[in-house]
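Report on one structure; see the data block that follows.
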Amino acid sequence: MERLGKRDKTTESLLGKKNRFNLEDVVDDMKNGFYVADSQGNISFSNQAFARMLGYESKDEILGVNMAEKLYENSEDRATFLKRLQETGYLSDYEVKMVRKDGLPVVISVKSSFISDEDGTPIGVRGLAEPFPAEAGVGKKKVRAIPGGDIQEGSNGKDFYSMIHDSLTGLYAYEYFMTCLEAEIRRVEWMFRPMSMMMIDIDDFNTFNDKFGREQGDQLLKRMAGILKETLRPGDIICRQAQDQFLVILPEIKKEDTLALAKKLKDEVQAKLTADHMTCSIGMSRFICGMSSKEFFLQANLGLYMAKEAGKNEACIYG
C-alpha cells in the first residue's frame with residue numbers, strides 16, 4: 001500500500017502542478033487554431049485561437065456549431081474536403097473558404113486528419129488551422145516568400161509540431177495528450193460513446209538503464225514507441241508521459257476489447273523485446289459519464305499498480 005500512496009501523490013502532483021507551458025495557452029497566443037469535429041461536422045472542441053479566427057468571442061461559444069451549415073461559405077465544400085481527406089488520409093495546408101460569425105468571409109488553411117474507431121472507420125476530424133490571404137486559391141499548396149529568394153513553408157507548423165511531440169520517441173507530448181483528453185471527454189459525453197485509457201510502464205527500465213547506459217535506454221524507448229504505434233489502432237492517441245511511462249486514449253472501445261488489446265500489446269512487447277529481457281505492465285480505466293479527467297487518469301494509475309503488484313508483465317483494468 002505504500003507504493004500505491006507514493007504513486008498517487010506523484011500522479012496528483014503531475015495533474016495539479018503548473019506545467020512549464022500550457023499547450024492551449026501557447027496555441028491561443030499563436031495564429032494556429034485547433035479544432036475537433038464529430039462525424040456530422042459539429043465542433044466538439046476548439047481552442048481560443050480557432051474560435052477568434054472565425055469571429056467567436058470564446059471557444060465555448062463555437063462548440064456545437066456545424067461546420068457545413070455555419071462555417072463553410074458553400075456547404076458543398078465540406079463534402080469536397082472530406083472526400084479529399086478520405087483519399088489521402090491527411091490534408092496539409094488545404095485552403096477552404098469560410099464565413100465568420102459576423103458574416104465576413106475568411107480563407108482558412110488547415111492541416112487535418114480523421115479520428116477513427118477500432119475498425120478504422122472515421123468518426124470525426126481534428127486539425128490545425130490558420131488564416132490565409134483572401135486572394136489565395138482554394139485547395140492550393142501554401143508557400144511563403146522568405147527574404148533572400150527561397151520559398152518554403154512557414155515555420156509556425158514546425159514549431160507547433162515540436163511542441164506537441166516528444167523529441168525522442170516521436171509520440172505525442174504529455175501536455176498535448178491532456179488537451180486531447182479534455183476534447184475526447186467532451187465528445188464522449190456528448191455522443192454517449194465508450195472510451196478507455198491505458199497507462200503503460202516498462203518493467204525494470206531503471207535497472208536496464210543503469211546496466212547498459214542512457215544511449216541503450218533511449219534506443220529501447222524508441223523501440224517501445226514503435227511497438228505501440230504498430231500494435232495499437234490508428235485512431236488511438238499515444239503519448240510519452242515520463243521516462244519509461246506511456247499513456248494512450250482509446251476512443252470507441254468496450255471493456256472486453258480494451259482488455260484484449262492490452263493483452264495483445266503486452267505480448268507484443270515481450271516478444272519483440274525478448275533479446276533485452278524486457279516486459280511491460282499495463283493499467284486501464286473506463287470512462288464513465290460525469291467522471292473528471294483526473295478521476296479517469298487516477299483509475300488507470302490504480303490499474304497499473306494492480307499489474308505491478310500481480311508480478312509485472314500483466315494488464316489490469318480498474319473498475
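Bear in mind that the values in this text are calculations on the coordinates, not laboratory data. Everything numeric here is computed off the predicted structure, so don't read it as measured data. Methodologically, a virtual Cβ is constructed for each residue, glycine included, from the backbone with ideal geometry; neighbour enumeration extends over all protein chains shown.
A few comments on the model shown:
- Calculated FRET value between residue 100 and residue 63, using beta carbons and R₀ = 22 Å, to 0.05: 0.85
- Non-local Lys pairs in the range 172-318, i.e. 8 or more apart or on different chains, that have alpha carbons under 14 Å apart: 9
- Simple spin-label estimate for residue 271 and residue 218 gives 3.0 nm between the two label positions (7 Å along the Cα-to-Cβ direction from each Cα).
- Label-point gap, in nm, between residue 74 and residue 229 - each point 7 angstrom along Cα→Cβ: 3.7
- Once the Cα-Cα distance is subtracted from the 0.36 nm per residue extended length, the residue 264 to residue 204 segment shows a gain of 19.6 nm.
- For the pair residue 255 and residue 309 in one chain, pulling the backbone fully straight at 0.36 nm per residue adds 17.3 nm over the alpha carbon distance.
- Taking other C-beta atoms within 10 Å as the exposure proxy, 218, 166, 102, 210 rank 102, 210, 218, 166 from fewest upward.
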